[in-house]
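*Asks:* Sharing a structure here in structure tokens format.
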Amino acid sequence: MKILFALLTSWLAVFSQLFHTATPPKKAPQPKEYIITAFGASTDSTKLNTQAIQQTIDKASAAGGGTIVIPKGVYLSGALFFKPNTHLRVLAGAKLKGSDNIADYPLIPSRMEGQKLDYYAALVNATKVNGFTITGPGTIDGNGLKFWKGFWAHRDSMSKAHLPSTNLEVHRPRLLFIWGCDKVTIKNVKLHNSGFWTTHLYQCTNVLIEGCDIRSPFRPVKAPSTDGVDIDVCSKVTIRNCYVSVNDDGICMKGGKGPTAQKLPENGPIEDVLVENCTFGEVHAALTCGSECIHANRITMRNCKMDNDRPILLFKMRPDTYQVYENITVENITGKCGTIVTLSPWTQFFNMAGSTEKPFGTIRNIRISNVKVQCREFAMLNGNPTDKVSDIVFTNVEATSPKATFTNIYPSVKFKNVTLNGAPVKPVEAAPGGAAAKPLMPD
């Protein structure tokens with residue numbers, strides 16, 4: 001009897017194990033979907049849907065959260081404000097199209113060009129929406145043509161009057177503005193034709209931008225200041241498998257400007273950024289530090305392709321701002337570019353604001369390796385006289401260029417297995433008496 005009881009116990013244990021193995025784990029509940037046409041949005045592409053889409057967002061938020069779905073069709077809208085636990089999905093064949101009337105973008109407390117100010121809302125806004133997601137494969141289109149034309153018309157009129165013109169004088173909306181959010185995902189969506197900056201991340205952490213098509217035109221009308229991704233006082237940002245072609249910087253580090261920028265609480269560093277497996281079409285530069293940046297640290301670009309005539313890595317050195325650019329790696333880059341690195345003064349909108357400070361820039365620990373490109377010029381390394389530049393190293397670089405020489409005033413720049421038009425590149429020697437180094441020449 002004892003033996004039979006033991007056998008039954010053993011069999012029950014086996015059956016129990018089989019039962020538990022066969023039972024699938026419980027899946028996390030998926031956010032409820034809210035299709036905007038079910039809440040009054042119209043497929044008439046000439047009708048403004050701002051109110052209907054915003055009511056959809058508000059209802060989803062009030063019910064505990066959900067995904068706002070843009071179905072196939074074109075939906076015209078002004079500024080939209082996403083709330084905690086809400087998300088955005090743009091389906092195949094769908095387009096969320098921005099209004100070209102600035103009145104449809106309210107003036108709100110915001111952040112632009114390295115300063116705290118009231119500015120116009122973006123088409124898509126999310127503030128303190130942790131876990132916020134935007135997914136495709138549809139399109140978010142800024143419909144920016146009217147704004148671009150207005151910008152150039154104003155710039156031309158100011159030029160004829162011999163007056164300066166800033167980027168903020170013609171009021172234009174950004175495409176995306178994401179502020180103070182943790183765990184943000186923007187994936188497989190087309191971000192096109194922004195009126196101003198395309199994607200502005202401010203005070204965000206743990207951001208993934210993946211598989212996105214980010215573009216604005218150079219012709220027939222240039223789309224001014226339509227940066228692909230502006231990373232502003234953020235940390236832990238990954239951008240991968242994206243195509244970027246915009247009429248300004250592709251990926252840009254920001255964080256503040258001015259002689260006391262480092263003292264202001266709204267400013268801060270950009271840290272731990274990874275850009276990988278991306279292709280850069282026409283841009284002003286693929287990866288830019290500045291012009292509004294006080295500290296960029298641990299920035300990596302790798303496994304990317306260039307197809308333009310502008311810098312791969314650009315340092316904008318503001319003589320009115322203390323800047324630190326450090327621990328930056330560019331590796332495994334191919335294609336066609338303007339320069340591999342440009343480091344030069346940036347005096348646009350220079351303003352000491354009456355300060356007696358004497359700002360300078362610091363650049364250190366820059367690594368460029370495994371690069372094979374056609375370029376207009378190998379590099380331009382010539383910052384402000386007070387900038388402190390050290391530990392820039394080129395390794396395993398093969399470049400061809402119509403120019404056999406290039407500018408480098410820093411003797412500390414090192415070259416290891418680097419060729420320009422097949423000839424080895426050697427460091428410059430410091431000129432006697434501490435004068436500027438001679439231009440760098442290949443052997």
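*Asks:* Kindly establish whether Cys278 is under 16 Å from Lys336 (Cα atoms) and free of Cβ contacts under 8 Å to residues at least 60 places away in the same chain. Steps first, please.
*Replies:* Working: under 16 Å from Lys336 (Cα atoms): yes; free of Cβ contacts under 8 Å to residues at least 60 places away in the same chain: yes.
The answer is yes for Cys278.
*Asks:* Run down Thr23, Thr67, Thr37, Thr50 and say which single residue is at pLDDT below 95 and of a type in the set (S, T, N, Q).
*Replies:* Thr23
*Asks:* Cβ-Cβ under 9 Å, sequence separation 6+ or interchain: first residue in region 152-163 and under 21 Å from Thr226 (Cβ atoms), partner surrounded by 10 or more Cβ atoms within 10 Å (Cβ to Cβ) and at pLDDT 95 or above. Which pairs?
*Replies:* Filtered contacts from region 152-163: Trp152/Val221; Trp152/Lys222; Trp152/Pro224; Arg155/Pro224.
*Asks:* For region 68-100, how many residues are in contact with a Pro (Cβ under 9 Å, 6 or more places away or on another chain) and either surrounded by fewer than 18 Cβ atoms within 10 Å (Cβ to Cβ) or free of Cβ contacts under 8 Å to residues at least 60 places away in the same chain (or both)? Spell out how you get there, then give the answer.
*Replies:* Here is the first cut: in region 68-100, the residues in contact with a Pro (Cβ under 9 Å, 6 or more places away or on another chain) are 78-79, 85-87, 90-94, 98-99.
Next, only the ones that are either surrounded by fewer than 18 Cβ atoms within 10 Å (Cβ to Cβ) or free of Cβ contacts under 8 Å to residues at least 60 places away in the same chain (or both) stay: 78, 85-87, 91-94, 99.
Counting residues in region 68-100 that are in contact with a Pro (Cβ under 9 Å, 6 or more places away or on another chain) and either surrounded by fewer than 18 Cβ atoms within 10 Å (Cβ to Cβ) or free of Cβ contacts under 8 Å to residues at least 60 places away in the same chain (or both) gives 9.
*Asks:* So which residues in region 264-291 are at pLDDT below 95 and more than 13 Å from the chain's Cα centre (by Cα)?
*Replies:* Of all residues in region 264-291, those at pLDDT below 95 come to 290-291.
Ser291, the sole residue that qualifies.
*Asks:* Related question: So Gly195 ticks every box in (1) within 11 Å of the chain's Cα centre (by Cα); (2) within 23 Å of Asn101 (Cβ to Cβ); (3) small (Gly, Ala, Ser) but one. Which box is left unticked?
*Replies:* The single condition Gly195 does not satisfy is (1).
*Asks:* Among the candidates Ile299, Ile294, single out the residue that is over 24 Å from Gly195 (Cβ atoms), touching a Gly at 6+ places or on another chain (Cβ under 8 Å) and surrounded by 24 or more Cβ atoms within 10 Å (Cβ to Cβ). Break it down into steps so the answer makes sense when it comes.
*Replies:* Details: Ile299 fails: touching a Gly at 6+ places or on another chain (Cβ under 8 Å).
None of the other options fit; the residue is Ile294.
*Asks:* Something else about it: Among the residues of region 399-422, which ones are surrounded by 15 or more Cβ atoms within 10 Å (Cβ to Cβ), in a strand (DSSP E or B) and either touching a residue at least 24 places away in the same chain (Cβ under 8 Å) or basic (Lys, Arg) (or both)?
*Replies:* The answer is Ala399, Phe406, Thr407, Asn408, Val418, Leu420.
*Asks:* Could you please give the count of residues in region 254-275 that are outside any strand (DSSP E or B), charged (D, E, K, R) and either buried (at least 18 other Cβ atoms within 10 Å of the Cβ) or without any contact (Cβ under 8 Å) to a residue 60 or more places away in the chain (or both)? Steps first, answer last, please.
*Replies:* First, pick out the residues of region 254-275 that are outside any strand (DSSP E or B): 255-269.
Still in the running and charged (D, E, K, R): 257, 263, 266.
Next cut, either buried (at least 18 other Cβ atoms within 10 Å of the Cβ) or without any contact (Cβ under 8 Å) to a residue 60 or more places away in the chain (or both) only: 257, 263.
The qualifying residues number 2.
*Asks:* Filter region 101-131 down to residues that are without any contact (Cβ under 8 Å) to a residue 40 or more places away in the chain and outside any strand (DSSP E or B) and give me whichever is nearest to Asp232 (Cα to Cα).
*Replies:* It comes out as Pro106.
The values are calculated or read from the model by the stated rules, or taken from the named source; none is laboratory data. For clarity, every value in this text was computed on a predicted model and none was experimentally measured. Glycine also receives a Cβ, built like all others from the backbone with ideal geometry; neighbour counts cover every protein chain displayed.
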